[in-house]
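K.L.:
Below is a structure I'd like to ask you about.
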Amino acid sequence: MSTTTVKTFCRLCEVNCGLVATVVDGRLEALRADKGHPVTAGFVCKKGLLAADVHNDPDRLDLPQRRVGNKFEDVAWDPALSDIAARLQTIIAQHGPSSVAAYIGNPNAFNASAGISVGLFLAMIGSNRLFTAGTQDCANKFAISEVLYGSAEIHPIPDIDRTDFLLMIGTNPRVSKGSFHAMGDPIAVLKAAHDRGATIRFINPLKVETGSGIGETIQIRPDTDPYLLAAIIHEIDRTIGFAVSTNGSHLRNVEGLREFVAQYSPERVADIVGIDAKEIIALAQGFAAAPRAAAHMSTGANLGRQGALAYWLLQMLLVVTDNFDRPGGNWVPARATAPMGALAALDESSFQPTKWGPYRPSRTMLPGAILADMILDDEQPIRALIVASGNPVLSIGGGERLQKALESLDLLVCIDLYRNATGESAHYNLPAAGQFEREDLNFFTQGVQRIPSAQWTDRVVDPNERKEEWWILARLLQELGIPSMLDGHDDGSHPDVLSDYFDAGLDAIGYSIAGLRQAERGLALLARNEPGTFFTEQIMTEDRVLDCCPAILESTLARAAVIFNDFEQEPVDQLKLINRRTTNTLNSFFQNVAALKERGADHNPIFMHPTDIAKLGLQIDQPARIYNDCGSVVALVAADPNLRAGVVAMTHGFGNQSASGMKTAQRFPGVNVNMLSPSGAGSFDPISGMSHLTGIPVSVAPA
Ligand SMILES: Nc1nc2c(c(=O)[nH]1)N[C@H]1C(S)=C(S)[C@@H](COP(=O)(O)OP(=O)(O)OC[C@H]3O[C@@H](n4cnc5c(=O)[nH]c(N)nc54)[C@H](O)[C@@H]3O)O[C@H]1N2
Ligand SMILES: Nc1nc2c(c(=O)[nH]1)N[C@H]1C(S)=C(S)[C@@H](COP(=O)(O)OP(=O)(O)OC[C@H]3O[C@@H](n4cnc5c(=O)[nH]c(N)nc54)[C@H](O)[C@@H]3O)O[C@H]1N2
Ligand code: SF4
Ligand SMILES: [Mo]
């Protein structure tokens, strides 16, 4: 028996915790924390350790599966790929290359080669129909960073170790470990900031429990964050004044910002955001008066109707309080790979008109909210869809309509670890190499790490018949007779187009993949840069100036006024549905992990405040119907006094009734909350394509 230990890193979330894998006779036996890891220092969460259960899950796909009637049968790679290519060829001949689309899901963010490969594949066949989980997650941030900083990949993060005031909007770091703000053990980092005297304020409809009594929550009404931010800036302008001295000459159009926020005084927005004007004023003054203040926002604000507006205002709050690119404020840390410039024009011409309304494809992404519409379209329909590490049936709004649209495709191919709820409708499910079966670089988290680092990992174990995306797509291109840039090497290492790309990025810090491979853990700590070089070295706009109110935002600002008016018309007791991540799920991905199905985590309850439960005549642990114009589901009622009254919270990723390829998930199916999320015209933010997935009007009644 041969036992080895291999140092690698976790690719389930942005923290990228150092892991030590125990490999016995080529099999991954166990995972433990890498105590000596210079960045994550022995921190891991239970999901990271349970990644071994996922890796060894008997439900994982081992071979391609082809649909035969209502069943699936294993088939070898060669016939599977020839058949898929033949079907693609027919579809392209009939409907043109744009009838082929791809959807890439969240795990691509932690797989350096997959997303790029899918993008290249589409480009090589001549389609620009790319959907990603991004428009259900963070496309608002991509869009705003493009128009403000010239790159979707530039995101000033809080200098958490030096700040005196930290504003945390729409994030639950204990549960989720953060997004666009990567740090090992986030609660310990927050606690250290708190213990040295920093004030921490969460903005969240749910009282955020950190387990350490750090930071109070201001319980905002869902989907209203932009108005709170506008009112904070308004208050700073009218009483304290903007402090833009440090960056003054690098800024343009502060007046435009001033004009916009002038409409939203704390007094005017108080009822809409559900926070007393006095409290908004105190928050504004606390932030502006702090010697150094930092701010962060995440999915709670991203997934509202105006995530882009909120992210713009967050940047502006930092700018007008002189906390931008400053110690203890927000800054752009060092990175190992250069950020990419904007891929769409930065003016109004970049909006694409469609019959579902205009959208701007930042990072070339189409709005997930119109995936079903584009499939069902009678003029230029999508007829083939390749899904790589995604589960759109559960992660995008539209519920049954999306499911039916996917079932109507001429070809649906899913590349995944499992035959998931989406794969259940597929013609082919192709077995993907998981995180321990492929080489990788922590590519996505560059530029948002508290301790900047680059880490490479080799494969930990052999993938057997499971394959990486680039390999699969290269083979399809070969079958299609299209010269492929994705051809890899016999030893299974990346195609040159990918390794050259990574090397070119790493070159900037004096590294290469070969160099990283020589280093202990494949890890290079980057020289820690200091704030203060943003306008000379980092900003990527043409003139290196930050336009505080770019003309391209005009329609976004006008939309804010319309939505504000809608809020004013809305009944005060309108219930709103929000998202609720838990430590027992990872989107839909960890739904098949039996160890996480403890009591309470085995279904998807409707969490409500006890006063709402009483008011609506509901009973705890009894079924209730939650419904709106989009759909209706029945689930058990659960009480959570930490919720703001009027708010209903459920978890996404459940809804695995039909997912026969994931037996544990199917045994504890829960309901798909995105049956209640809108899709189609009006359900996305035009400037970013972001879906509307939190703060959704619903009604609840006993079932
Ligand atoms: N209502 C509501 N909806 C939401 C959200 C919400 O908060 N509320 N959150 C949104 C967010 S932030 C996100 S990121 C999206 C996620 O949306 P998706 O990415 O579409 O969905 P996931 O559930 O993350 O599905 C990931 C799939 O990838 C597979 N997978 C895991 N690892 C690998 C791998 O290494 N290779 C391959 N090929 N496959 C792999 C898993 O088995 C799983 O099937 O959901 C969004 N949807
Ligand atoms: N255990 C676990 N970890 C995860 C994931 C998971 O599913 N489970 N998913 C991973 C992924 S893909 C991502 S993107 C990250 C996300 O990381 P986070 O963005 O931190 O995600 P959440 O924990 O869902 O925190 C979002 C918070 O927003 C609040 N919220 C909802 N609506 C609103 C609103 O309108 N305004 C405000 N201000 N707040 C609101 C919710 O109550 C919730 O506490 O987590 C990652 N890590
Ligand atoms: S915090 Fe994220 S990276 Fe770390 S072990 Fe958990 S899932 Fe993996
Ligand atoms: Mo996400």
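What follows is calculated from the coordinates using simple rules that are stated; it is not laboratory data. Here the structure is a predicted model, which is why all the values come from computation and not from measurement. Glycine gets a Cβ as well: all are built from the backbone with ideal geometry, and neighbour counts include every protein chain shown.
K.L.:
When all C-alpha to C-alpha distances in segment 1-115 are sorted into bins of 5 Å, what percent of pairs does each bin hold, rounded to whole numbers?
P.N.:
2, 9, 12, 14, 16, 13, 10, 9, 8, 5, 1, 0
K.L.:
If you place +1 on the Cβ of every Lys and Arg and -1 on the Cβ of every Asp and Glu, how big does the dipole about the Cα centre of segment 109-204 come out, in debye to the nearest 20? Let's see the in-between values first.
P.N.:
Details: 8 positive and 8 negative charges, 44 e Å.
In total the dipole reaches around 200 debye.
K.L.:
Considering the dipole of segment 467-552 built from charges on the beta carbon (Lys and Arg +1, Asp and Glu -1) around the Cα centre, which of TYR501, GLY481, CYS548 is farthest to its positive end?
P.N.:
CYS548
K.L.:
So what are the ³J(HN,Hα) numbers for segment 420-430, from phi and the Karplus equation (6.51, -1.76, 1.60; θ = phi - 60°), rounded to whole Hz, Gly and Pro as x?
P.N.:
Per-residue couplings from phi come out as 8, 4, 6, x, 4, 9, 7, 7, 9, 10, 10 Hz.
K.L.:
Along the Cα-to-C-beta direction of ALA262, a point sits 7 Å from the Cα; which residues of segment 226-242 have their amide N less than 18 Å from that point?
P.N.:
230-242
K.L.:
A further question follows. Amide H neighbours of MET690 under 5 Å, at least 5 residues apart or on other chains, H built in the peptide plane: list them.
P.N.:
ASP685
K.L.:
Separate question: As a footprinting exposure proxy, order LYS576, LYS71, LYS597 by other Cβ within 10 Å, with the fewest listed first.
P.N.:
Details: LYS576 20, LYS71 9, LYS597 17.
Listing LYS576, LYS71, LYS597 from fewest to most nearby Cβ atoms yields LYS71, LYS597, LYS576.
K.L.:
Where does segment 235-341 land on Rg(C-alpha)/(2.2 N^0.38 Å)?
P.N.:
Values: Rg = 14.9 Å, N = 107, 2.2 N^0.38 = 13.0 Å.
Compactness ratio reported: 1.15.
K.L.:
Counting DSSP beta bridges in segment 404-525, what percent are antiparallel, to the nearest 5? Walk me through the numbers on the way to the answer.
P.N.:
Details: 5 of 10 bridges.
Taking every DSSP beta bridge within segment 404-525, about 50 percent pair in antiparallel fashion.
K.L.:
Let's see if you can work this out: charge +1 on each Lys and Arg Cβ, -1 on each Asp and Glu Cβ, no other charges. What is the dipole magnitude of the chain about its Cα centre, in debye to the nearest 20? Could the numbers behind the result be given before it?
P.N.:
Working: 59 positive and 79 negative charges, 289 e Å.
Taking the Cα centre of the chain as origin, the dipole is about 1380 debye.
K.L.:
Moving on to the next point. Neighbour counts of other C-beta atoms within 10 Å: give me THR132, THR8 arranged from fewest to most. It would help to have the intermediate numbers written out before the result.
P.N.:
Numbers: THR132 28, THR8 22.
By the 10 Å Cβ count, ascending: THR8, THR132.
K.L.:
Could you give the length gained on full extension between SER249 and ASP462, defined as 0.36 nm per residue of separation minus the Cα-Cα distance, in nm? Present the calculation step by step, with values, prior to reporting the outcome.
P.N.:
On the way: separation 213, 0.36 × 213 = 76.68 nm, distance 5.54 nm.
Full extension of this stretch gives 71.1 nm more.
K.L.:
How large is the translational diffusion coefficient of the chain in µm² per second when you combine the Kirkwood radius over alpha carbon pairs with Stokes-Einstein at 10 °C and 1.306 mPa s? Walk me through the numbers on the way to the answer.
P.N.:
Numbers: Rh = 25.7 Å.
The diffusion coefficient I find is 62 µm²/s.
K.L.:
Could you list which residues have their amide H under 5 Å from that of LEU366, counting only those 5 or more apart in sequence or on another chain, with H placed in the peptide plane?
P.N.:
LEU130, PHE131, THR132
K.L.:
Give the order of HIS55, HIS296 when sorted by the count of other beta carbons within 10 angstrom, beginning with the fewest. Please list the in-between numbers first.
P.N.:
Details: HIS55 20, HIS296 23.
Fewest to most other Cβ atoms nearby, the residues stand as HIS55, HIS296.
K.L.:
Can you say what percent of the DSSP beta bridges in the chain, counting only those with both residues inside, are antiparallel? Round to 5. Kindly include the intermediate steps, with their values, before the conclusion.
P.N.:
Values: 44 of 89 bridges.
If I count the DSSP bridges inside the chain, around 50 percent turn out antiparallel.
K.L.:
Still on this structure, please answer the following. Going out from 0 in 5 Å bins, what whole percent of all Cα-Cα distances in segment 523-646 drops into each bin?
P.N.:
Percent of pairs per bin, in order: 2, 7, 11, 12, 11, 9, 10, 10, 10, 10, 6, 2, 0.
K.L.:
Find me the longest stretch of the chain that has none of the exposed GluC sites (Glu not before Pro), where exposed means in a DSSP loop (not H, G, I, E or B) with at most 16 other Cβ atoms within 10 Å. Can you show the working numbers first?
P.N.:
Values: sites that count: GLU209, GLU379, GLU465, GLU542, GLU598.
With a cap of 16 other Cβ atoms within 10 Å, the longest stretch comes to 1-208.
K.L.:
Please give the calculated 222 nm ellipticity per residue for the chain, where each DSSP H segment of at least 4 residues contributes -39500 (n - 2.57) and the sum is spread over every residue; nearest 500 deg cm²/dmol?
P.N.:
Details: 21 runs with 201 residues, N = 703.
Calculated from helices alone, the mean residue ellipticity at 222 nm is -8500 deg cm²/dmol.
K.L.:
Which value, in nm² and rounded to one decimal, describes the direction-averaged projected area of the C-alpha convex hull of segment 481-540? Don't skip to the end; give the middle numbers.
P.N.:
Numbers: hull surface 26.7 nm².
Averaged projected hull area, Cα only: 6.7 nm².
K.L.:
Suppose we look only past 27 Å in the calculated P(r) of segment 127-286. What percent of the Cα-Cα pairs does that tail hold? List each step's numbers first, then the result.
P.N.:
Values: 4194 of 12720 pairs.
When every Cα pair of segment 127-286 is considered, 33 percent fall beyond 27 Å.
K.L.:
Separation between the ASN529 and ASP271 pseudo-spin-labels, each 7 Å from Cα along Cα→Cβ, expressed in nm?
P.N.:
Each label point is offset 7 Å from its Cα along the Cβ direction, giving 4.7 nm.
K.L.:
Toward the positive end of the charge dipole of segment 196-269, about the Cα centre and with charges on Cβ (Lys, Arg +1; Asp, Glu -1), which of ILE233, PRO205, LEU251 goes farthest?
P.N.:
Going by the charge dipole, the pick is LEU251.
K.L.:
Residue by residue through segment 132-146, which ³J(HN,Hα) values in whole Hz follow from phi under the Karplus form 6.51 cos²θ - 1.76 cosθ + 1.60 (θ = phi - 60°), with glycine and proline marked x?
P.N.:
Ordered by residue, 3J(HN,Hα) equals 9, 5, x, 6, 10, 9, 8, 4, 4, 6, 4, 4, 5, 5, 4 Hz.
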